[in-house]
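The block underneath contains the structure these notes are about, expressed in structure tokens.
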Amino acid sequence: MSQQESLYEKLGGEAAVNAAVDIFYRKVLSDDRISSFFEGVNMETQAAKQKSFLTMAFGGPHNYSGLDMRRGHAHLVERGLNDSHVDAVIEDLGATLRELGVKEELIAQVAAIAESTRNDVLNR
Amino acid sequence: MANIRYAKDNFELGENQSVLDCLTDRGVPVPFSCRSGVCQTCLMRATGGTKPPEASQQGLKDTLKLQNYFLACVCHPDTDLEVALPDDDDIQAVIPATVKSLKLLNSEIMYVALECHAPIDYRAGQFINLFQDQSVGRSYSLASVPHEDDHLHLHVRRLPQGRVSGWIHEELRPGQTVQIRGPGGDCFYTPGNAEQGLVLIGTGSGLAPLYGIIRDAFSQGHTGPIRLFHGSRDQNGLYLTGELRDLVRQYPNFDYIPCLSGGDVAHHFAAGRVHDVAFRHIPNLKNWRVFLCGHPEMVKTAKRNAFMAGASMKDIYADAFNVSQSST
């Protein structure tokens with residue numbers, strides 16, 4: 001039966017997202033490569049957005065379209081958001097999952113989902 | 001079929017339709033993003049005594065749940081629901097209140113006790129708006145605790161050239177009737193998890209909500225450690241020190257640390273900015289509940305520091321006292 005389990009289920013579903021969100025957000029805020037993009041934002045709103053992002057990257061239920069991703073990041077692209085910043089986010093995501101004891105094989109699948117949004121996020 | 005009532009309009013909810021779809025289909029501008037109950041962009045509030053389904057409150061902070069907030073995109077009620085957007089000001093009626101007493105707590109902070117002419121359902125730490133006239137009002141936090149105190153208690157700091165605070169300090173008299181509206185705000189104590197540690201950090205009249213929250217926590221039987229850090233530049237800015245030291249003697253789980261950021265720090269006071277002192281005392285905030293009230297810069301810095309020191313975002317409650325731009 002375990003072969004039919006989705007990635008989201010394997011990771012532990014919503015409970016896993018809840019466990020990851022604070023750790024992930026802390027990593028992002030203390031990452032000098034990207035922390036400046038988070039200055040002055042409302043931390044609670046941002047935490048909810050991080051949760052949406054993690055739910056999507058974990059293969060969970062979401063309704064985000066490529067267009068939503070473009071709209072949501074357009075103001076950051078104007079401020080110079082580029083590939084190196086997306087790399088940093090994906091790295092922080094992997095480090096978060098490693099800290100939670102998630103297997104490398106699953107981490108690679110999460111990273112691949114995050115990777116699939118790169119062109120939309122960077123508005124290309 | 002359930003009906004959704006918004007701003008005096010009644011909309012019939014379609015089968016399997018969410019409250020969000022029902023309202024946006026009819027042109028109500030409810031903001032939304034993820035449409036799956038996660039991002040909290042479509043936050044709304046049930047009013048008029050109606051309660052939202054539990055499933056539509058998943059992931060919300062306890063303080064929001066208790067005030068009947070819900071996520072419209074995952075809200076499928078079986079019964080009628082009256083709803084409002086968080087910014088809809090006219091959710092609450094203006095009610096008159098009589099000034100019962102006025103007393104200076106220190107050279108710049110006035111204690112104001114108000115008796116409402118109609119019952120007001122509030123929690124210690126929330127705020128009300130007090131109106132000088134129809135168009136000019138300011139927000140003040142509640143230091144009183146429902147069921148413990150007969151009246152609403154405010155601590156009003158006199159701002160330089162402050163229009164409303166100047167009026168309260170100089171012209172308001174006991175017996176006078178004022179107009180108030182409220183309550184609002186989600187910085188208050190929620191029952192449950194009674195053994196969790198509480199750390200409360202405030203500057204100036206930011207002590208008002210914290211004093212209410214602490215006494216509310218005691219009245220609800222909180223057993224975990226409670227640490228209050230109150231900061232000011234010098235000793236003149238502190239107040240209620242006697243009452244707070246009495247609480248320390250009364251409750252073994254309570255500690256009060258007055259902090260002075262100017263020079264010349266006498267015995268019994270901690271030296272430094274209040275949030276620096278607090279985070280030195282409790283370097284690891286994992287599993288602590290954090291309350292931050294007062295100066296906006298302090299609140300902003302302390303919020304980030306508390307989060308980085310291990311406090312979970314859902315456990316951080318903050319109320320920044322922004323000074324109205326039109327206060328001069």
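The values are calculated or read from the model by the stated rules, or taken from the named source; none is laboratory data. As the structure is a computational prediction, the values presented were derived from the model and not from experiment. Ideal geometry is used to build each Cβ from the backbone, glycine not excepted, and the neighbour counts take in all protein chains shown. Calculation scope for accessible area: heavy atoms of the full protein, side chains included, ligands and nucleic acids excluded. Shrake-Rupley method; radii C 1.70, N 1.55, O 1.52, S 1.80 Å.
With respect to the stated conditions, A:Asn82 fails to be open to solvent by 40 Å² or more (accessible area, probe 1.4 Å), more than 15 Å from the chain's Cα centre (by Cα) and closer than 26 Å to B:Ile316 by Cβ. The range B:1-99 holds strands (runs of 3 or more DSSP E) entirely within its bounds, and those carrying 1 or more residues that are more than 25 Å from B:Cys187 (Cβ to Cβ) and in contact (Cβ under 8 Å) with a residue 40 or more places away in the chain map to B:3-6, B:81-84.
Could you tell me which of the residues B:Tyr189, B:Tyr239 is open to solvent by less than 40 Å² (accessible area, probe 1.4 Å) and under 15 Å from B:Glu148 (Cβ atoms)? It would help to see each step written out before you state the result.
Numbers: B:Tyr239 fails: under 15 Å from B:Glu148 (Cβ atoms).
Sole residue among the options that is open to solvent by less than 40 Å² (accessible area, probe 1.4 Å) and under 15 Å from B:Glu148 (Cβ atoms): B:Tyr189.
The C-beta contact set for the range A:83-105 (first residue in a helix (DSSP H, G or I), second residue of a type in the set (Phe, Trp, Tyr) and modelled with pLDDT of 95 or more, distance under 6 angstrom, 6+ apart or interchain) comprises A:Thr96/A:Phe24.
Every condition in (1) part of a loop (DSSP other than H, G, I, E, B); (2) open to solvent by 70 Å² or more (accessible area, probe 1.4 Å); (3) at pLDDT 95 or above holds for B:Glu115 except the one numbered (1).
Please name all residue pairs, on different chains or six or more residues apart, with Cβ atoms under 9 Å, provided the first residue is in the range A:53-72 and is closer than 21 Å to A:Gln4 by Cβ and modelled with pLDDT under 90 and the second residue is surrounded by 14 or more Cβ atoms within 10 Å (Cβ to Cβ) and aliphatic (A, V, I, L, M). Hits for this filter: A:Pro61/B:Val38; A:His62/A:Met56; A:His62/B:Val38.
Filter the range B:313-328 down to residues that are among the hydroxyl-bearing types (Ser, Thr, Tyr) and at pLDDT below 95 and give me whichever is farthest from A:Ala19 (Cα to Cα). Step through it out loud before you land on a result.
We begin by selecting, within the range B:313-328, every residue among the hydroxyl-bearing types (Ser, Thr, Tyr); these are B:317, B:324, B:326-328.
If we keep only those that are at pLDDT below 95 too, we end up with B:324, B:326-328.
Values: B:Ser324: 38, B:Ser326: 43, B:Ser327: 43, B:Thr328: 46 Å.
My answer is B:Thr328.
Within the range B:29-67, the set of residues being open to solvent by 20 Å² or more (accessible area, probe 1.4 Å), touching a Ser or Thr at 6+ places or on another chain (Cβ under 7 Å) and away from chain A (no Cβ under 11 Å) comprises B:Pro31, B:Asp62, B:Leu66. Could you grab me the full set of residues in the range A:39-69 that are more than 10 Å from every other protein chain (Cβ to nearest Cβ), under 23 Å from A:Gly94 (Cα atoms) and assigned to a helix (DSSP H, G or I)? Answer for the range A:39-69, where residues must be more than 10 Å from every other protein chain (Cβ to nearest Cβ), under 23 Å from A:Gly94 (Cα atoms) and assigned to a helix (DSSP H, G or I): A:Ala57, A:Gly66, A:Met69.
Restricting attention to the range B:203-241, the residues that are under 18 Å from B:Val290 (Cβ atoms), among the aliphatic types (A, V, I, L, M) and touching a helix residue (DSSP H, G or I) at 6+ places or on another chain (Cβ under 8 Å) total 3. Considering B:Asp121, B:Asp149, which residue is outside any strand (DSSP E or B), open to solvent by 20 Å² or more (accessible area, probe 1.4 Å) and free of Cβ contacts under 8 Å to residues at least 12 places away in the same chain? After applying the criteria, what remains is B:Asp149.
Per the listing B:Leu142, B:Leu172, B:Leu210, the residue uniquely assigned by TED's automatic domain parsing to the domain that holds B:Asp276 and not acidic (Asp, Glu) is B:Leu210. Restricting attention to the range A:7-27 and to residues that are facing chain B (nearest Cβ under 10 Å) and not hydrophobic (A, V, I, L, M, F, W, C), the residue that is farthest from B:Pro296 (Cα to Cα) turns out to be A:Glu14.
Has the range A:93-109 got at least one residue that is within 10 Å of chain B (Cβ to nearest Cβ) and either open to solvent by 70 Å² or more (accessible area, probe 1.4 Å) or modelled with pLDDT of 95 or more (or both)? Walk me through how you get there before you give the answer.
Step one: list which residues in the range A:93-109 are within 10 Å of chain B (Cβ to nearest Cβ), which gives none.
Taking every residue of the range A:93-109 in turn, none turns out to be within 10 Å of chain B (Cβ to nearest Cβ) and either open to solvent by 70 Å² or more (accessible area, probe 1.4 Å) or modelled with pLDDT of 95 or more (or both).
Scanning the range A:28-38 for residues that are open to solvent by less than 50 Å² (accessible area, probe 1.4 Å) and either within 12 Å of another protein chain (Cβ to nearest Cβ) or acidic (Asp, Glu) (or both) gives A:Val28, A:Leu29, A:Asp31, A:Ser35, A:Phe38. Exactly one residue among B:Arg233, B:Arg280 is more than 14 Å from chain A (Cβ to nearest Cβ), on the phi < 0 side of the Ramachandran plot and at pLDDT below 95, and that residue is B:Arg233.
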